[in-house]
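Engineer: This is the structure, below, for whatever I ask next.
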Amino acid sequence: MAKLTFTGGIHPYDGKDLSKDKAIREILPKGDLVYPLSQHIGAPAVPVVKKGDHVLTGQLIAEAGGFVSAPIYASVSGTVKAIEPRRVVTGDNVMSIVIENDGKYEAVEYPAGKPLIKYSKEEIIERVKTAGIVGMGGAGFPTFIKLSPKEPEKIEYVIVNGAECEPYLTSDYRRMLEEPKKVIGGLKAILRLFDKAVGIIAIEENKHDCIELMRRLTKNDKRVVVKALKTKYPQGAERQLIYATTGRQINSSMLPADAGCIVDNVDTVVAIYTALAEGKPLMERIVTVTGDAIRKPRNFKVRIGTNYHELIEEAGGFRVQPEKIISGGPMMGFGIFDLDVPTTKIASALLCLSKDEVSAMEPTACIKCGRCVEVCPGRVVPSKLMVCAINDDEEGFLKNNGMECCECGCCSYVCPAKRPLTQTIKSMRKMQLAKKKK
Amino acid sequence: MAEDKLLKVSSNPHIRSKVTTNGIMLAVVAALMPAAGFGIYHFGFRALAVILVTVASTVITEFLFGIYKKKQTIGDLSAVVTGLLLALNLPVSIPLWIAALGGVFAILVVKMLFGGLGQNFMNPALAARCFLLISFPALMTDFSYDAFTGATPLAVLKNGGNVELWDMIVGKTAGTIGETSVIAILAGACILLLMGIIDLRIPASYIISFAVFVILFGGHGLNPAYLCAQICGGGLMLGAFFMATDYVTRPITAKGQYVYGIVLGVLTGIFRIFGPAAEGVSYAIILGNLLVPLIEKATMPVAFGKISPLKQKAMDAKEKRRVKRIEKLASAEGGQDDEE
């Protein structure tokens with residue numbers, strides 16, 4: 001059988017050996033915790049606490065600010081110190097709730113969890129909604145919306161995205177290895193919503209131990225299959241993942257549900273399980289702290305709101321002075337200029353590199369070598385789109401399917417002339433999307 | 001953390017592959033070495049002189065233009081590749097000043113005046129060769145060397161003579177400096193193929209379509225000896241692997257590359273069999289270069305998850321027919337109803 005994959009893609013140095021054998025360790029925050037009100041796609045959350053309030057772990061501190069939005073919960077007990085703009089990973093200042101940690105971790109009484117079968121469909125969706133669960137792979141789209149498509153009976157596949165194709169990242173890998181039952185449990189909860197659906201756990205081949213483990217645990221389960229994917233970036237991109245596992249194609253203007261699919265990241269599925277079985281809202285996530293500038297690369301279970309400085313400290317500090325720090329993976333993460341930012345629901349990694357490859361390379365003329373075309377998973381012509389974008393040729397950009405770009409970064413990666421293809425196309429796309437909204 | 005050094009920030013992705021433009025150019029130069037080396041061995045040291053003069057002329061031209069434009073680009077080594085390719089396409093007896101003139105034309109007129117690397121719509125080396133061929137036809141087709149008469153295998157074939165195939169494969173025949181030895185060219189091509197710098201799309205579709213054309217219209221039918229001589233003779237091998245695959249002047253789309261290869265094969269066949277000259281690779285590639293924008297436009301890939309315009313048309317037509325049929329049925333039924 002041909003390996004499950006898509007056309008295009010790249011094979012960068014994956015760097016996963018740095019942290020893949022390090023078990024997840026829970027770390028407790030010491031300093032203040034910062035909760036940006038916008039950690040998801042959609043309207044910012046609205047604070048329900050005010051300065052001076054005492055809050056408990058698991059207490060609601062901001063409620064959803066609209067339909068497409070998600071509530072936020074305190075991950076420690078303490079006092080609300082301020083509600084003010086704070087810097088986040090993208091470099092923006094976002095209105096945030098700051099909580100001074102009292103170090104006691106007094107928790108609210110969580111609503112009692114119960115076995116999955118005792119939940120009705122409506123209850124499951126309601127729980128996912130109130131727990132503030134969003135897509136934790138990086139997009140941050142509120143999960144309950146994904147779980148309530150217009151025609152639930154048409155959903156045929158629920159796919160757990162365990163591809164983790166980004167180099168250096170090992171958080172999903174550790175999660176699947178250490179808490180496989182939570183992953184399967186979360187998947188089964190989603191499957192309860194869609195009677196006809198089959199659950200697929202999709203994992204890249206380089207994580208063969210995960211594949212074997214999952215296969216063993218789901219051996220007797222008729223509704224869950226484990227699929228091994230070819231190791232290639234961006235295998236975990238939603239559209240490419242759906243294509244690899246089901247053979248169905250969707251374009252940028254379609255939702256996975258249009259192809260009868262629901263896709264959720266491993267960490268998201270675990271959060272769903274935790275919300276249902278333990279009654280706990282989304283308060284923590286797994287973060288890989290790694291890179292050649294880090295003394296002890298590790299995988300941490302981190303309370304949301306924890307300052308990045310603390311993560312670096314827990315990982316033994318810097319081995320050498322880093323030249324670049326990235327929140328997320330090297331292909332799609334954000335380069336940050338200040339470590340004084342909080343962990344959010346969507347931060348999967350903190351990558352510290354001693355050398356910045358990008359700034360050392362001067363872009364030169366395009367020689368039309370066609371490498372970007374070969375690797376583009378969206379099957380567009382990046383070099384042409386870049387020309388359109390530079391010339392402000394909106395019509396040409398749209399005609400050449402510029403909006404089909406998924407910003408995966410493959411074109412910039414392979415370009416021998418080191419041209420910033422992804423960046424240019426991305427900014428043009430942003431402009432077009434902003435225009436559409438108006 | 002020490003705050004003395006600021007962090008670098010940029011948009012994603014934050015890693016880059018090791019492949020660079022001058023790395024690619026260097027590999028092409030290396031891959032041309034077997035052909036150039038054989039040319040020097042076979043034609044003597046004058047061949048080396050021609051190579052050095054053309055390379056010097058292309059590099060110096062680009063350097064001087066860089067001074068004028070206040071932007072130096074000779075570091076990308078593309079001028080070296082152009083110079084080398086041009087030299088390999090010249091007869092060994094060419095006066096050195098003409099070789100140098102060709103280098104100046106290739107870089108200044110064909111490349112730099114159109115915007116430099118990546119902007120030229122014709123292969124500079126081949127355009128320069130054609131320029132010299134038109135300007136100095138006698139000198140450019142004088143292939144006599146040492147004591148040999150100097151008829152190229154293709155010229156012999158054209159006049160109905162017989163050629164020694166083995167000599168052509170090894171390269172012990174008359175011709176331009178770099179085109180004679182099939183073995184040397186293929187050795188170089190293997191380097192590029194293994195490094196992933198070129199692929200077989202263009203060379204294979206070019207050579208196969210040319211072979212088919214020769215079988216159909218060559219007048220010799222399926223004569224293996226004649227066919228092999230046509231394929232191994234002249235500039236076809238050098239052109240197919242080193243010049244038709246030039247990144248800048250070939251289509252960027254995969255489908256377009258097959259189309260381009262076929263176009264070149266057919267054009268070469270027409271020029272060689274029906275044209276007055278024995279050779280036609282240079283003109284075929286130059287003409288093919290001009291068709292590249294058209295080919296690219298016609299072969300744009302269909303974006304992931306989208307339906308190709310043709311398929312969409314077919315689907316729309318089908319849907320229309322279906323609707324019509326239903327309407328017909330409905331009206332027929334309606335008619336029946338009326339009768340009742």
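The values are calculated or read from the model by the stated rules, or taken from the named source; none is laboratory data. Nothing here was measured: the structure is a model prediction, and the numbers come from that model. In this analysis, Cβ positions are derived from the backbone assuming ideal geometry, glycine residues included, and neighbour counts consider all displayed protein chains.
Engineer: Tell me which residues, restricted to the stretch B:13-48, are in a loop (DSSP other than H, G, I, E, B) and more than 27 Å from B:T73 (Cα to Cα).
Structural biologist: Result: B:G44, single match.
Engineer: Is it the case that B:G256 is part of a helix (DSSP H, G or I), small (G, A, S) and within 14 Å of chain A (Cβ to nearest Cβ)?
Structural biologist: Yes.
Engineer: Checking the conditions here, which among B:R321, B:R272 is in contact (Cβ under 8 Å) with a residue 60 or more places away in the chain and either of a type in the set (D, E, K, R) or exposed (fewer than 10 other Cβ atoms within 10 Å of the Cβ) (or both)?
Structural biologist: Residue meeting the stated conditions: B:R272.
Engineer: What's the number of the condition A:I117 fails, among (1) in a loop (DSSP other than H, G, I, E, B); (2) at pLDDT below 90; (3) surrounded by fewer than 18 Cβ atoms within 10 Å (Cβ to Cβ)?
Structural biologist: Only one criterion in (1) in a loop (DSSP other than H, G, I, E, B); (2) at pLDDT below 90; (3) surrounded by fewer than 18 Cβ atoms within 10 Å (Cβ to Cβ) is unmet by A:I117, namely (1).
Engineer: Is it true that some residue in the stretch B:45-55 is in contact with a Ser or Thr (Cβ under 7 Å, 6 or more places away or on another chain) and either over 30 Å from A:R295 (Cα atoms) or within 13 Å of chain A (Cβ to nearest Cβ) (or both)?
Structural biologist: Taking every residue of the stretch B:45-55 in turn, none turns out to be in contact with a Ser or Thr (Cβ under 7 Å, 6 or more places away or on another chain) and either over 30 Å from A:R295 (Cα atoms) or within 13 Å of chain A (Cβ to nearest Cβ) (or both).
Engineer: Taking the stretch A:309-326 on its own, how many of its residues are assigned to a strand (DSSP E or B) and either surrounded by fewer than 24 Cβ atoms within 10 Å (Cβ to Cβ) or without any contact (Cβ under 8 Å) to a residue 24 or more places away in the chain (or both)?
Structural biologist: 1
Engineer: Next up: Filter the stretch B:3-39 for residues that are among the hydrophobic types (A, V, I, L, M, F, W, C) and without any contact (Cβ under 8 Å) to a residue 40 or more places away in the chain; which is farthest from A:G333 (Cα to Cα)?
Structural biologist: B:V19
Engineer: Out of B:K18, B:K69, I need the residue that is of a type in the set (D, E, K, R), under 30 Å from A:V320 (Cα atoms), more than 21 Å from the chain's Cα centre (by Cα) and surrounded by fewer than 22 Cβ atoms within 10 Å (Cβ to Cβ). Which one?
Structural biologist: Checking each option against the conditions leaves just B:K18.
Engineer: I would also like to ask the following. For the stretch A:401-412, give me each residue that is within 7 Å of chain B (Cβ to nearest Cβ) and surrounded by fewer than 24 Cβ atoms within 10 Å (Cβ to Cβ).
Structural biologist: A:N401, A:E404
Engineer: Which one of these does A:A360 not meet: (1) over 30 Å from A:R25 (Cα atoms); (2) in contact (Cβ under 8 Å) with a residue 24 or more places away in the chain; (3) more than 7 Å from chain B (Cβ to nearest Cβ); (4) surrounded by fewer than 20 Cβ atoms within 10 Å (Cβ to Cβ)?
Structural biologist: (2) is the only condition that A:A360 fails.
Engineer: Say we look at the stretch A:254-280 and pick out the residues that are farther than 20 Å from A:P142 by Cβ and not aliphatic (A, V, I, L, M); which of these is nearest to the other protein chains (Cβ to nearest Cβ)?
Structural biologist: Here the residue is A:G260.
Engineer: Let me ask something additional. Only one residue in B:F121, B:F105, B:F148 is surrounded by fewer than 24 Cβ atoms within 10 Å (Cβ to Cβ), at pLDDT 95 or above and more than 19 Å from B:V29 (Cα to Cα), so which one is that?
Structural biologist: It is B:F105.
Engineer: Considering A:T306, A:T268, which residue is in the same structural domain as A:S348 (by TED's automatic domain parsing), of a type in the set (S, T, Y) and surrounded by 24 or more Cβ atoms within 10 Å (Cβ to Cβ)?
Structural biologist: Result: A:T306 is the single residue among A:T306, A:T268 that is in the same structural domain as A:S348 (by TED's automatic domain parsing), of a type in the set (S, T, Y) and surrounded by 24 or more Cβ atoms within 10 Å (Cβ to Cβ).
Engineer: Still on this structure, I have one more. Out of curiosity, is A:G305 at positive phi, over 18 Å from the mean Cα position of the chain (by Cα), more than 10 Å from chain B (Cβ to nearest Cβ) and not hydroxyl-bearing (S, T, Y)?
Structural biologist: No: the conditions fail for A:G305.
Engineer: Test B:A204 against the stated conditions and say whether it is assigned to a helix (DSSP H, G or I) and at pLDDT 95 or above.
Structural biologist: Taking the combined requirement at face value, the residue satisfies it.
Engineer: Select from the stretch A:363-382 the residues that are aliphatic (A, V, I, L, M) and within 7 Å of chain B (Cβ to nearest Cβ) and list them in ascending order.
Structural biologist: Result: A:A365, A:I367, A:V373, A:V380, A:V381.
Engineer: Please verify whether the stretch A:51-70 includes one or more residues that are charged (D, E, K, R), part of a loop (DSSP other than H, G, I, E, B) and in contact with a strand residue (DSSP E or B) (Cβ under 7 Å, 6 or more places away or on another chain).
Structural biologist: Yes, the conditions are met somewhere in the stretch A:51-70.
Engineer: Sticking with this structure for a sec: If I filter the stretch A:148-157 for residues that are in contact with a strand residue (DSSP E or B) (Cβ under 6 Å, 6 or more places away or on another chain) and basic (K, R), do I get at least one hit?
Structural biologist: Checking the stretch A:148-157: not a single residue is in contact with a strand residue (DSSP E or B) (Cβ under 6 Å, 6 or more places away or on another chain) and basic (K, R).
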